[in-house]
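S.K.: Dumping the structure here so I can ask a few things about it.
The values are calculated or read from the model by the stated rules, or taken from the named source; none is laboratory data. Here the structure is a predicted model, which means the values were calculated and not measured. So basically every Cβ, Gly included, is an ideal-geometry build from the backbone, and we count neighbours across all protein chains shown. Note: accessible area is taken over every heavy atom of the protein model, side chains too, but ligands, DNA and RNA are not part of it. Shrake-Rupley method; radii C 1.70, N 1.55, O 1.52, S 1.80 Å.
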Amino acid sequence: MKRLKNFSLWFIFLATFGFAGGGYFLLFLIVPFEEWLVNKGVSQSQIDNLLSYFVYGWIIFGFLISFLYFIFFVKKNRKIVSYVLVFFTTLNAAFVFYLFMNTDSAIVAMSRGEVEQTTDQLTFGPYPDKDSLRNLKEEGYDGVITLLSPTIIFENELLDKEMQNGEEIGLSIHSFPMLPWVGDNGESINGIVNLVKDNPDKNFYVHCYLGKHRVDLIKQTILKRLEGQTETSSESARILIPSEFIRGNVYTYDRESIILGPYPTPEEWLKLVRLNIGEIVTLLDENSSRFMEEKKIAKEQGMLFTPFTLDSKSPDPKQLENISNYLRNAPHKVYVHGFSTERKIRALELMLSKGLLPVKQELLYDEFNKDSLDIVGEWLVLGAGLRAEQASVLKQAGINTVMYAGNTKDYGSHLMDAILKENLKLEFIPYKGKDIDDLYQLASHIAKYDSQTYLYGLKGKDKATLHKMLEGMLYGVKDEELHDLKVKNGAFNVKARKLLIGPSLEKEEWVKYLVRNGITKIIMIQAPSVQSEEMITRQKQIAANHHIPFQILQMDEQYSEKLLDQLSNSDETTYLIVPNELNEMVLQDLDDFR
């Protein structure tokens, strides 16, 4: 009996501390912290990644506290303290339960989604109380589709209350339980589709608890499967495709009809649904649990599911070409992925972007000093030097072009003969290293190359700076380098790997933060009321001096659509100049397209 009592005390403490603390943690820390991150311009994938650690951390913390409670109070028979602590956590759990049950409370209300009528037949939103149900009845709705799950304690209570309210008011309540995120919800999804199809003249209000994640999933999944619904296609076209997921970068090709990235998290699966993906092409092992999981998800979402095999260590050239051809001939939008941004994904990215096979790096490492080589995107090798006997190794490794940056007088005929003997293309680029803009022009020239290339001739800082420029031009900048940086005229942020946002910059700031990081396009949001003509002219002139394209986008009613067009149809690493007074609004507009 004593053991049972002790176990009961521990279990009650664990359950009530976990529920109450988790509720407070969600409402008072995670929600405001997420809003703060959004306002700072942090990408959604980074936010999701960071907050997932918060959640896991809370679970571990809850178990740790409960074991400490057991060891120091229950096990040592400190009865008064033990019972007081359990009473306190139980009281708090009851209060949190009360908060969740009262959906009109200020704390819950600030986290709810908006009511949105997506089609003539369907409106989406958060949980409706009795007065809201009565209003829906008066507005002519024929029924309510509820996604609340009885397996969640407070949702079970809310569902019972909603059923009673609906019966009293005379409004049909159709229950199709779904758990948050993407899970085994196929039966509910099919049920909703059949209900709506079988009642084409009836209007329904669809809701979950907050009117966000499950509602968003239904909004994109159900409408795609209903005949005659075209709104989803037009809406998905106005979504800004993320440039990165938690497990790696996301790339797009052929006007965003092909999307390449890592294995999605539940939240990222939801984004793919919103993008109206028609097919999932997976490179995962067919015997893995993730393969079976995504196969089930694809079926549930009405997506085609196609597996391909590709070796991670040495991707087969023929298979890379086959996958590339298959993707380019697909009649719908395709998402192709491995697990992370592993080598086979980088190899496929190279095939899709430049039509090239990756360089065989291991052969180079056997002949060259590995520390002297910098590999950019699996196709470009920056080396420290080259000897005549190494030309054959370059050929074996898949190099087709040798590029020398420097003084052609320093180039020996013996080495030239060795390179030409291997049928390698040879290019001399005069470079004196006097100006950062010379290095930027060299990087711009190389970035456009469609050939496996070995470049040498640069030393020390020049070689490192060129590497940084090329990474920025081709694959974007890293958040840790520039995020939330303070410059003279305001804050400089990395919104995504290929999108930076900040104020007008001084000459030295252009060099330090834009030129050195490989920024290839400037867009200025122009608002005459907060920007002077002198400032605009100065920024245009600095951009021209560095040979970076400069575009002005007028702040008018259509500016956000024009900006989305610019960002969607371009693979340029872009700096968006935004006046400080408009920064928050522009960031919010960009988030609305995600």
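S.K.: Out of the range 257-300, which residues are farther than 30 Å from residue 572 by Cα and part of a helix (DSSP H, G or I)?
M.R.: 289, 290, 291, 292, 293, 294, 295, 296, 297, 298, 299, 300
S.K.: Among the residues of the range 525-535, is any in contact with an Asp or Glu (Cβ under 6 Å, 6 or more places away or on another chain) and farther than 30 Å from residue 255 by Cβ? Even if it seems obvious, please write down each step before you answer.
M.R.: Residues of the range 525-535 in contact with an Asp or Glu (Cβ under 6 Å, 6 or more places away or on another chain): 530.
From the residues that got through so far, the ones that are farther than 30 Å from residue 255 by Cβ too are 530.
Yes.
S.K.: Tally time: how many residues in the range 381-413 are open to solvent by 60 Å² or more (accessible area, probe 1.4 Å), of a type outside the set (Gly, Ala, Ser) and over 40 Å from the mean Cα position of the chain (by Cα)?
M.R.: As a first pass, look at the range 381-413 and keep what is open to solvent by 60 Å² or more (accessible area, probe 1.4 Å): 387, 389, 395-396, 400, 407-410, 413.
Okay, now just the ones that are also of a type outside the set (Gly, Ala, Ser), so 387, 389, 395-396, 400, 407-410.
Applying the additional criterion that residues be over 40 Å from the mean Cα position of the chain (by Cα) yields 387, 389, 407-410.
Total meeting the criteria: 6.
S.K.: Still on this structure, please answer the following. Do we have any residue at all in the range 123-140 that's surrounded by 15 or more Cβ atoms within 10 Å (Cβ to Cβ), within 33 Å of the chain's Cα centre (by Cα) and within 30 Å of residue 14 (Cα to Cα)?
M.R.: Yes, there is a match, as at least one residue in the range 123-140 is surrounded by 15 or more Cβ atoms within 10 Å (Cβ to Cβ), within 33 Å of the chain's Cα centre (by Cα) and within 30 Å of residue 14 (Cα to Cα).
S.K.: Can you confirm whether the range 482-497 contains a residue that is out of contact with any Asp or Glu (no Cβ under 7 Å at 6 or more places or on another chain) and assigned to a helix (DSSP H, G or I)?
M.R.: Looking only at the range 482-497, we keep the residues that are out of contact with any Asp or Glu (no Cβ under 7 Å at 6 or more places or on another chain), and these are 482-486, 489-490, 492, 495.
Right, trim to assigned to a helix (DSSP H, G or I) and you get 482.
Checked the range 482-497: at least one residue is out of contact with any Asp or Glu (no Cβ under 7 Å at 6 or more places or on another chain) and assigned to a helix (DSSP H, G or I).
S.K.: Tell me the residue from 222, 218 that is modelled with pLDDT under 85, touching a helix residue (DSSP H, G or I) at 6+ places or on another chain (Cβ under 6 Å), assigned to a helix (DSSP H, G or I) and not basic (Lys, Arg), please. Can you show your working first?
M.R.: On the way: 218 fails: touching a helix residue (DSSP H, G or I) at 6+ places or on another chain (Cβ under 6 Å).
Being modelled with pLDDT under 85, touching a helix residue (DSSP H, G or I) at 6+ places or on another chain (Cβ under 6 Å), assigned to a helix (DSSP H, G or I) and not basic (Lys, Arg) holds for just one of 222, 218, which is 222.
S.K.: Keeping to the range 244-256, report how many residues are open to solvent by 20 Å² or more (accessible area, probe 1.4 Å) and assigned to a loop (DSSP other than H, G, I, E, B).
M.R.: 5
S.K.: I'm trying to understand the selection: among the residues of the range 430-448, which are in contact (Cβ under 8 Å) with a residue 12 or more places away in the chain and closer than 24 Å to residue 571 by Cβ?
M.R.: Across the range 430-448, the qualifying residues are 436, 437, 439, 440, 441, 442, 443, 444, 445, 446, 447.
S.K.: Hey, among the residues in the range 297-335 that are out of contact with any Leu (no Cβ under 8 Å at 6 or more places or on another chain) and of a type in the set (Phe, Trp, Tyr), which one's farthest from residue 258 (Cα to Cα)?
M.R.: Applying the filter and picking the extreme gives 305.
S.K.: Condition first: of a type in the set (Val, Ile, Thr) and either touching a strand residue (DSSP E or B) at 6+ places or on another chain (Cβ under 6 Å) or more than 17 Å from residue 135 (Cα to Cα) (or both). Now tell me which residues in the range 158-178 satisfy that. Give the derivation first.
M.R.: First, pick out the residues of the range 158-178 that are of a type in the set (Val, Ile, Thr): 169, 173.
Of everything in the range 158-178, just one residue is of a type in the set (Val, Ile, Thr) and either touching a strand residue (DSSP E or B) at 6+ places or on another chain (Cβ under 6 Å) or more than 17 Å from residue 135 (Cα to Cα) (or both), namely 173.
S.K.: What residue, of 157, 167, 187, 162, is part of a helix (DSSP H, G or I), open to solvent by less than 40 Å² (accessible area, probe 1.4 Å) and charged (D, E, K, R)?
M.R.: Details: 157 fails: open to solvent by less than 40 Å² (accessible area, probe 1.4 Å); 167 fails: open to solvent by less than 40 Å² (accessible area, probe 1.4 Å); 187 fails: open to solvent by less than 40 Å² (accessible area, probe 1.4 Å).
Of 157, 167, 187, 162, the one residue that is part of a helix (DSSP H, G or I), open to solvent by less than 40 Å² (accessible area, probe 1.4 Å) and charged (D, E, K, R) is 162.
S.K.: Can you name the residue in the range 279-307 that is open to solvent by 20 Å² or more (accessible area, probe 1.4 Å) and among the small types (Gly, Ala, Ser) and is also nearest to residue 187 (Cα to Cα) among such residues?
M.R.: The qualifying residue nearest to residue 187 (Cα to Cα) is 302.
Here's the yes/no breakdown for (1) open to solvent by less than 30 Å² (accessible area, probe 1.4 Å); (2) among the acidic types (Asp, Glu); (3) modelled with pLDDT of 80 or more; (4) touching a Pro at 6+ places or on another chain (Cβ under 6 Å):
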| residue | (1), (2), (3), (4) |
| --- | --- |
| 31 | yes, no, no, no |
| 34 | no, yes, no, no |
| 93 | yes, no, yes, no |
| 97 | no, no, no, no |
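S.K.: Moving on. Scan the range 414-428 and tell me whether some residue there is in contact with a Pro (Cβ under 8 Å, 6 or more places away or on another chain) and either more than 23 Å from residue 358 (Cα to Cα) or open to solvent by 40 Å² or more (accessible area, probe 1.4 Å) (or both).
M.R.: no
S.K.: Go over the candidates 91, 99 one by one and state the one that is without any contact (Cβ under 8 Å) to a residue 12 or more places away in the chain, assigned to a helix (DSSP H, G or I) and within 18 Å of residue 21 (Cα to Cα).
M.R.: Selected residue: 91, the only one of 91, 99 that is without any contact (Cβ under 8 Å) to a residue 12 or more places away in the chain, assigned to a helix (DSSP H, G or I) and within 18 Å of residue 21 (Cα to Cα).
S.K.: Name the one entry in 381, 336, 402 that is among the hydrophobic types (A, V, I, L, M, F, W, C) and under 30 Å from residue 255 (Cβ atoms). Talk me through it step by step, then tell me what you get.
M.R.: On the way: 381 fails: under 30 Å from residue 255 (Cβ atoms); 402 fails: under 30 Å from residue 255 (Cβ atoms).
Only one candidate qualifies: 336.
S.K.: Out of all the residues in the range 449-471, is one or more open to solvent by 60 Å² or more (accessible area, probe 1.4 Å), assigned to a loop (DSSP other than H, G, I, E, B), closer than 20 Å to residue 251 by Cβ and touching a residue at least 24 places away in the same chain (Cβ under 8 Å)?
M.R.: yes
S.K.: Another question about this same structure. Going by the structure shown, is residue 483 closer than 30 Å to residue 259 by Cα and open to solvent by 40 Å² or more (accessible area, probe 1.4 Å)?
M.R.: On the way: closer than 30 Å to residue 259 by Cα: yes; open to solvent by 40 Å² or more (accessible area, probe 1.4 Å): yes.
Spelling it out, residue 483 is indeed closer than 30 Å to residue 259 by Cα and open to solvent by 40 Å² or more (accessible area, probe 1.4 Å).
S.K.: Taking the options 534, 557, 508, name whichever one is modelled with pLDDT under 85 and over 30 Å from residue 353 (Cα atoms). Steps first, please.
M.R.: Numbers: 534 fails: modelled with pLDDT under 85; 508 fails: modelled with pLDDT under 85.
Criteria check complete, one pass: 557.
S.K.: Take the residues in the range 541-594 that are of a type in the set (D, E, K, R) and within 22 Å of residue 518 (Cβ to Cβ); name whichever of them is surrounded by the fewest Cβ atoms within 10 Å (Cβ to Cβ).
M.R.: Residues of the range 541-594 of a type in the set (D, E, K, R): 556-557, 561-562, 565, 571-572, 581, 584, 589, 591-592, 594.
Adding the requirement that they be within 22 Å of residue 518 (Cβ to Cβ) leaves 571-572.
On the way: 571: 16, 572: 18.
Per the stated criteria, the residue is 571.
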